[in-house]
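Everything below concerns the one structure shown next.
The values are calculated or read from the model by the stated rules, or taken from the named source; none is laboratory data. On a predicted model such as this, the values are computed, not experimentally measured, just so you know. Counting neighbours? That spans all protein chains shown, and the Cβs are built from the backbone with ideal geometry, glycine included.
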Amino acid sequence: MTSTTPSTTSVWDNLVGQTAAVETLRRAVTGEGMTHAWLITGPPGSGRSNAAMAFAAALQCEQGGCGACQACRTALAGSHSDVSVTRTETAQIITDDMRDLVLRAALAPVGHRHQVMVIEDADRLHERAANALLKAIEEPTRRTVWLLCAPTVEDVLPTIASRCRNIVLRTPSPSAVTDFLVRREGLPEGVSSFAARASQGHIGRAKALARDEGTRNRRREVVSIPTRLTSLGACMNAAENLVGIAKQETDAITEGANSRELAELDAVYGSDRKARASRTYKASQKELAHGQKQRARRRVLDVIDRCLMDMLSVYRDAIAVQTGAQGALVNEETRADVTELARRSTPEQNLRRIDAMFTAREQMLEHTVPPLLALESMMVALRVP
Ligand SMILES: [Zn+2]
């Protein structure tokens, strides 16, 4: 596979369907419209953090982002000494992280270019963390550049947003995503065009769908749920299955990371039995376990959320069929199922179902209802009479 993947020819190559944004950032690198604080917004999967990392690399590169030099490669990999990246696995960025970051931002860069501070989830800043950041942005240090990412401008404190230049990323079109998968990732045309449609413009998801059969199978199972909800028992089963799929997928990602982190912690304390029996070791271990649990919980919710978006695409497709909309369905390969669902319901019913899905999503994300419970009542609301 790697032999068919073309090498990167510029840091902007991995941004799909973002011509206008790339043009603005490219110019900024040359000094045109450059400023010390940027807010990159766009829907999930549009490539916000890719854009931030590409910009960071271009700012460190002598050629404005060649993609091949040491500066570009280390910046893109997140190991450049003058590029700090803050990403959060938990619900919020805590104040301590931000204090460290602000202190670091006040330092001169190690190299002779910029000190770039990337915050991937500026929408998850804790209030005190946001205030620390605001102060840093209000009193900029020469050569320090802040790159904040968030879904929309409204997700960030207005006082912060107003001091940033906003770069807006769009949902890339299916054809732009297909083209990216074929040309850049070296994947076959057929599976690429399926993945582009099914991912609804989410690049990471499109890549996973195009590359991995397991991911395609899990999606197929999820999009087949709507037509199978014909009895109360089926609804309960579907809820349980969905939680099962989310846990499976989460375990696959987190297991490796968890044991790696524990090994790192153990390495700090060495093999000294007394050190390991100490209170600080036990406290660190407890803290690590707590953080890992929170991260796993968040990932389960992320996966469930994505499954819901996949299911939702079936109802949207059904409405498209019912209203005679032209063009390809998101779930073109299961058009027969979609048509059957459309035949057995009205557009109003399907809109109500979509509403029920958003309600379940809110309940889970606001942590008020356990996922299984929220999904059970949602599935019942989706039941096909
Ligand atoms: Zn370079």
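Before moving on, here are some points about what is shown:
- Here V191 does not fit the description of being in a helix (DSSP H, G or I), touching an Asp or Glu at 6+ places or on another chain (Cβ under 9 Å) and of a type in the set (A, V, I, L, M, F, W, C).
- Unique residue being buried (at least 17 other Cβ atoms within 10 Å of the Cβ), assigned to a helix (DSSP H, G or I) and of a type in the set (G, A, S) when the list is A263, A336, A296, A275: A296
- Members of region 43-72 that are near the ligand (Cβ under 7 Å from one of its atoms) and either in contact with an Asp or Glu (Cβ under 8 Å, 6 or more places away or on another chain) or among the hydroxyl-bearing types (S, T, Y) (or both): G67, C69, A71
- Contact map, region 45-62: first residue closer than 20 Å to T30 by Cα and in contact (Cβ under 8 Å) with a residue 12 or more places away in the chain, second residue more than 8 Å from the ligand (Cβ to nearest atom) and of a type in the set (D, E), Cβ cut-off under 8 Å, separation 6 or more or different chains; pairs are A52/E120; Q60/D82.
- Verdict on G31 being away from the ligand (no atom under 16 Å from the Cβ), closer than 15 Å to C149 by Cβ and modelled with pLDDT under 95: no
- Any pair with Cβ under 7 angstrom, 6 or more apart, that starts in region 172-200 at a residue that is under 19 Å from L329 (Cβ atoms) and ends at one that is among the basic types (K, R) and buried (at least 20 other Cβ atoms within 10 Å of the Cβ): P174/R197; A198/R219; S199/R205
- Selection from region 50-91 of residues that are under 13 Å from V11 (Cβ atoms) and within 15 Å of the chain's Cα centre (by Cα): N50, A51, A52, M53
- Near pairs, Cβ below 7 angstrom, 6+ apart or cross-chain, from region 95-118 (farther than 12 Å from P140 by Cα and surrounded by fewer than 17 Cβ atoms within 10 Å (Cβ to Cβ)) to any residue that is among the hydrophobic types (A, V, I, L, M, F, W, C) and modelled with pLDDT of 80 or more: T95/A129; T95/A132; R99/A132; R113/L59
- Selection within region 121-154 - in contact (Cβ under 8 Å) with a residue 60 or more places away in the chain and more than 29 Å from V110 (Cβ to Cβ): P151, T152, V153
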